[in-house]
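**Student:** Below is the structure I would like to discuss, written out as C-alpha cells.
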Amino acid sequence: YGRVVHGFLISDNEKKELVPGIASQWDLSADGLTWTFTIRKGVKFHDGSELTPQDVLWSLQHSFGPQAVEYASAPNSLRLSRVVDRIELSGPDKVSLTTKQPNTGFAVIVSEAGTHWNGVMPRRVKLHDTEEELAYDNNPIGAGFMRLEKRVPAHVMRFERFDDFYYQPKNGFPEDKRVNFQSLDMFLVPEEATRVAATRAGEADIVPASLATKKQVEAGGGRRLFGQEGLAVAAR
C-alpha cells in the first residue's frame, strides 16, 4: 500500500527515467558523498497540511539515518543506515544526505522507480517511538495519489482518490498522475483459487495469479498481464 499512499522525492516517466517529484531538483557532490534535494513548495499531505523540508528531513532520518540501525527491520534501511554519515537541512528548501562512501544509486532508492517505497511522511517529535509508529500504521498520512479511508486488519484497505495530489499540470508537471477512478479496495485473499473465482464472478478487477490458472482466467473473460523482466545486480 506504500506506493499508493506516499509521494516520492523523485518520480519517473514511461521510459523509467528519473524526473522531478517532491524534489524539484537534486544533485550529487563531486566526491560522490553528498546528495542534495531541493524540496518543492505547495505539495499537500492528505490532511491538507503542506509538506515541508523538515518533513523530508525527518522521513530520511527515520528511515535510514545512522540511528536507524538500532530499530530498522527492512534490509534496505539497515544497509543504508550503516553507510549514512549525516542527514541535515542545508538551506531553506534543501535537504542533504552524506554517506561514508560514494553511493551513486541513492536517487533510485528514493524514487518511484525503486524496488522499495521510501515515501515522505509528516514529521514527528521522535525519530523512533513504537507507540507512535503503530498509531501511524493504523492511520497513515502521506502525499500520494490516494488516501486511506478504511482499514479492517487482515481483510481490506479502502483508498480514495486524492484530488490535490501534487503531480498534475496546474503545478507545472507535464502530465496528470492522478488516478481516473474514485476508490480502490485492496483485499487480502491468500488462496489463488479464491482470487481467480472472484475475477470470474466480477467481484475483483485485478488479482495476482500464476500460469497454472491461465485457462481459468481466460475462460472467465479475463486476460493475463506481465511486467517486464528485470535483473538486479549487487556488488560487494
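The values are calculated or read from the model by the stated rules, or taken from the named source; none is laboratory data. No experiment lies behind these values; they were computed from the predicted model shown. When we count neighbours, we look across all protein chains shown, and the Cβ atoms used for this are built from the backbone with ideal geometry, even at glycine. Keep in mind that these areas ignore ligands, DNA and RNA; they rest on the heavy atoms of the full protein, side chains included. Shrake-Rupley method; radii C 1.70, N 1.55, O 1.52, S 1.80 Å.
**Student:** Looking only at region 1-46, count every residue that is under 28 Å from ASP185 (Cα atoms), out of contact with any Gly (no Cβ under 6 Å at 6 or more places or on another chain) and of a type in the set (S, T, N, Q) and tell me the total.
**Tutor:** So the count comes out to 1.
**Student:** I would also like to ask the following. Looking only at region 10-60, filter to residues that are polar (S, T, N, Q) and within 16 Å of the chain's Cα centre (by Cα); which one of those is modelled with the lowest pLDDT?
**Tutor:** Ranking the qualifying residues of region 10-60, first place goes to ASN13.
**Student:** Might you check whether a residue that is out of contact with any Leu (no Cβ under 9 Å at 6 or more places or on another chain), assigned to a loop (DSSP other than H, G, I, E, B), under 23 Å from LYS170 (Cα atoms) and polar (S, T, N, Q) occurs anywhere in region 48-65?
**Tutor:** Yes - at least one qualifying residue is present in region 48-65.
**Student:** Where in region 77-157 are there strands (runs of 3 or more DSSP E), lying fully within it, with 1 or more residues that are farther than 22 Å from SER49 by Cα, open to solvent by less than 30 Å² (accessible area, probe 1.4 Å) and in contact (Cβ under 8 Å) with a residue 24 or more places away in the chain?
**Tutor:** Passing ranges, in order: 84-91, 94-99.
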